[in-house]
Amino acid sequence: MSARPLEARNQGWGFRALVVTLVAALIAAASALSAAFGTGVANAAEGCAPYSPLACDQLAVALPKAIDWSSPQGGLGSGAGAGGAGTGFTLLQPSTGGSFKPERVAVDAAAGTLAVTSTAGIAYKTPTTSTNVNNLDNALGVGLASGAGRTVVTTTLVAPPAGTGKAEQAGLWFGPTEDDYVKLGVVSAGGGQIKVQALRERAGVAAPTDELNGANFAAGPATSP
Ligand SMILES: [Ca+2]
């Protein structure tokens, strides 16, 4: 899964701004992630835990903010050891069981894309109400300055794969924690199809009424949901 330029801008009303990101997640009942809460953002001894290995004063970005991967972006590095090109993102959604895995994030400057190879993790619900959850890796984001204003965030998903129908997904998230956020993404629906889904979680609760799903449609390079 990859994405082309991501942009956020403030339109003048709304949220006490928090974070937004490209996310890629996979629910896979068979493979529980080890809860390695010890790398990257989870290390309270460095950076701005639990949000980022970067210093706290490096998290917020000025609006309008556009991330264009065809040019150097700074922020969290990609590739093994985070030694590759900057992703443009400065933080990650704090995760109980997930972490920053830069070796699964790649910047393609020629294509102007960011590719995230997902793992079996998702922020959906909590371990007390579901299984294999609150373990999302690489939920990249940036900090937005708090204040009045409606924030608009856009991105382009390039050729979302069909997945296996186990809720593999990518898109945008916005919120302070893994238990309080809204997200908009493309989700694997099985049978070679995908769907657009909007979902909100409040205090760890994502009820059926907190979820909107579009009609299924065929995945593939020509898809433009
Ligand atoms: Ca959650």
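Worth pointing out:
- Nearest-0.05 FRET efficiency for residue 184 and residue 46, computed from C-beta distance (R0 35 Å): 0.65
- Per residue, the average separation of C-alpha pairs within less than 8 Å and at least 6 apart gives region 151-213 a relative contact order of 27 percent.
- Label zone at residue 210, where the point sits 7 Å out along the Cα-to-Cβ direction: region 112-143 residues whose backbone N lies under 13 Å: 123-130, 134
Each value in this text was obtained by applying a stated rule to the coordinates, not by laboratory testing. Quantities reported herein were computed from a predicted structural model and do not represent experimental measurements. Cβ sites come from the backbone with ideal geometry, for glycine too, and all protein chains shown count toward neighbours.
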